[in-house]
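Colleague: If you scroll down you'll find the structure; I have some questions about it.
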Amino acid sequence: MRFNYTPVPAATAVNHAGAPAYVLTPALELYAAVATAGLQDQFYEKADTRLARLRHLVAHNDARFVAQLAVYAREKLHLRSVPLVLAVELARQHRGTSLVSRLVARVVQRPDEITELLAYYAAANGRSGSKTLGRLSKQVQKGLALAFNKFDGYQLAKYNRAGAVRLRDALFLVHPRPHDDARQALFDQLAADTLPTPYTWETELSALGQASFATDEARTAAFRQQWTELIDSGKLGYMALLRNLRNILEAQVPAEALGRVCATLADARQVARSKQLPFRFLAAYREVLALKTGVLTSALTALGLQPNPAAQVLAALETAIGHSAANLPGFCPETRVVVACDVSGSMQQPVSARSKVLLYDVGLVLGMLLQSRCPNVVTGIFGNIWKRITLPAGPVLRNVQELYKREGEVGYSTNGYLVIEDLRRRREVVDKVLLFTDCQLWNTHLNGTSMAQEWASYRRTVAPHARLYLFDLAGHGTTPVQVQPEHGAYLLAGWSDKLFDVLTALENGGSALTEIEQIDF
């Protein structure tokens, strides 16, 4: 095969690191940018730059595809802000049909998304001060009117929050036609700002937090009782449990209450309904690990409770994340897989302004989820060098923590080509190489090779049928290899376990866009 092979295609651009790279089609670039949009400053790209690129890409894509992508982002990827951006930008580009109104009504799934959409609409149209709202596009107004009628009094009261745009402002602007007399009464209350304060776990704890106590013991006892009552009431949603595990443990709730918490966390149906991104489990896991378990254990033993409640919660979180990616077609026991995680400096960016979870944490979580489902797998991390690390099968979050502790062992550059070079030099035949990265790879060793060259050489001389899957976690618009089936290279983007549905589509001959284009809209 010295002469009869397809040469490596020439790179068409450079990436943010200055290395040769390949541009994506407008549809693939929009998909990648949306699936990874934290809408905050990143290592290589400012939030305003990402917004400008989204606006440009919306204008250069088919309107129906943009609408399908917005629905996919909201309903499958469980993103909130970026679908609203797509809806507003589509309204600026598309006229003549009900596409925009139907899209707005569908992606607005909480009352506060009405006000968030309006706030972005104002910013996108250059409005400020007394003209913050102004007139709306007729289709946006119609879509928001439909959305208003989806929410009951509890939802409207819960999300009737202070901000540049309030629900009351939105009501006066949109003028939704109520479906019935009961809805009219709700709208009247919203207009008069007399919606009753709803009972929520937040309001209960807020009231308790403002109370004074004679001793710290009395305060702890009061919070223990409150958390126990909330757990017993069933009014704590799944996300509320995840975010408050540390508080619940510190309140030293009784064994029965903690058992109910763990049972809820580990229940497969509850996990599916909760729509949590996998890295949320990692954030909760780390909060529990951060507890001073020695002091907590002593206190609970003195109360006659189980001596290691934190371990019980950690086990429940492992079970919970294990329910993700339960079935992965194309990953049978004979399938040989490499899972390589980028831990370079550019990957050490939080996924959102309020999150402690970094992009490379997301890569580690998704990588370990795959490893837990693949019996024949090589796992490793790359930076300056590529390092294989042997980890036990099964414990996803514990393995993430192990990799997290070792990322400094490989340095902080982005020499992803070393993963493929290592396979080629070993003449090791594998079926799939899965790279979790921001795709901004380059060769700091300056030895004349690249990911694209190594991949072409590996397929030509060692494993002609191997496939390379690039899991793009940042969406900057370029890739280190040309993503086309004839080159055995494919792109997936995002932070959700829905990436594995895309992986299934690719295995079945589809593309990363197949799932999106099947959205019924």
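Colleague: Can you figure out the FRET efficiency of GLU517 with ARG95, using R₀ = 25 Å and their beta-carbon distance, to the nearest 0.05?
Modeller: 0.60
Colleague: Taking only DSSP H segments of four or more residues, each worth -39500 (n - 2.57), what value at 222 nm results for the chain once the sum is divided by all its residues, to the nearest 500 deg cm²/dmol?
Modeller: That calculation yields -15000 deg cm²/dmol at 222 nm.
Colleague: Pop out the Kirkwood hydrodynamic radius of the range 201-321 from its pairwise C-alpha distances, inverse of mean 1/r, in Å to one decimal.
Modeller: Roughly 14.8 Å, rounded to one decimal.
Colleague: Could you sort out which of LYS142/LYS275; LYS76/LYS235; LYS275/LYS498; LYS235/LYS275 sit more than 22 Å apart by Cα distance in this structure?
Modeller: In this structure, LYS142/LYS275; LYS76/LYS235 exceed 22 Å between Cα atoms.
Colleague: State, to one decimal in nm², a quarter of the convex hull surface area for the C-alpha atoms of the range 469-521, i.e. the direction-averaged projected area.
Modeller: Result: a mean projected hull area of 4.1 nm².
Colleague: Right, here's the next one. I'm a student and want to see the number: the projected area of the Cα convex hull of the chain, averaged over all directions, in nm².
Modeller: With every direction weighted equally, the projected area is 27.3 nm².
Colleague: Still on this model: Go through LEU195, ALA17, GLY380 and say which Cα lies farthest out towards the positive end of the charge dipole of the chain; charges sit on Cβ, +1 for Lys and Arg, -1 for Asp and Glu.
Modeller: Going by the charge dipole, the pick is ALA17.
Colleague: How would the range 446-489 be classified by its alpha-carbon gyration tensor: rounded, prolate or oblate, with rounded meaning a/c under 1.5 and the a/b versus b/c comparison settling the rest?
Modeller: Judged from the Cα gyration tensor, the range 446-489 comes out oblate (a/c at least 1.5, b/c at or above a/b).
Colleague: What is the gain in length, in nm to one decimal, between LEU205 and THR335 on full extension, counting 0.36 nm per residue of separation less the C-alpha to C-alpha distance?
Modeller: Result for the pair: 41.7 nm of gain on full extension.
Colleague: Bin width 10 Å, alpha-carbon pairs only: give the P(r) of the range 64-165 as whole percents, running from 0 to the bin holding the largest distance.
Modeller: Bin by bin from 0 Å, the calculated values are 16, 49, 31, 4.
Colleague: Another question, then. Pull out the extension gain between THR197 and ARG398, defined as 0.36 nm times the separation in residues minus the alpha carbon to alpha carbon distance; nm, one decimal.
Modeller: 68.2 nm
Colleague: So for each of 25-34, 191-200 I average, over its residues, the number of other beta carbons within 10 Å; can you give me the resulting order with the highest mean first?
Modeller: 25-34, 191-200
Colleague: What would the Debye formula give as log10 I(q)/I(0) at q = 0.12, 0.13 Å⁻¹ for the alpha-carbon point model of the range 341-430, no solvent?
Modeller: Values, matching the q order: -0.37, -0.43.
Colleague: Where both residues lie in the chain, what percent of DSSP beta bridges are antiparallel, nearest 5?
Modeller: Of all bridge pairs located within the chain, approximately 25 percent are antiparallel.
Colleague: Continuing with this model, one more query. Could you state the orientation-averaged shadow area of the convex hull built on the Cα atoms of the range 337-517, in nm² to one decimal?
Modeller: Spelled out: convex hull of the Cα atoms, projected over all directions, averaged, 10.1 nm².
Colleague: Hey, rough spin-label estimate for ILE385 and THR449, points 7 angstrom out along Cα→Cβ, what's it come to in nanometres?
Modeller: Placing both labels 7 Å beyond Cα along the Cβ direction yields 1.6 nm.
Colleague: Report the paramagnetic label zone for MET239: residues of the range 113-127 whose backbone N is under 20 Å from a point 7 Å from Cα along the Cα-to-Cβ axis.
Modeller: Residues 113-120 qualify, since their backbone N sits under 20 Å from the label point.
Colleague: Multiply the residue gap between ALA353 and GLU428 by 0.36 nm, knock off their C-alpha separation, and tell me the result in nm, one decimal place.
Modeller: Result for the pair: 22.8 nm of gain on full extension.
Colleague: Moving on to the next point. Could you give the size of the charge dipole of the chain about its Cα centre, using +1 on the Cβ of each K and R and -1 on the Cβ of each D and E, expressed in debye and rounded to the nearest 20?
Modeller: In total the dipole reaches around 760 debye.
Colleague: From zero up to wherever the largest Cα-Cα distance of the range 327-376 sits, split into 5 Å bins and tell me the percent of pairs in each.
Modeller: Result returned by the calculation: 4, 21, 22, 18, 12, 11, 8, 2, 0.
Values quoted throughout were computed directly from the atomic coordinates according to the rules given, and no laboratory measurement underlies them. Since we're looking at a predicted model, the values are computed, not measured. Here Cβ is always computed from backbone atoms with ideal geometry, including for glycine, and neighbour counts include all displayed protein chains.
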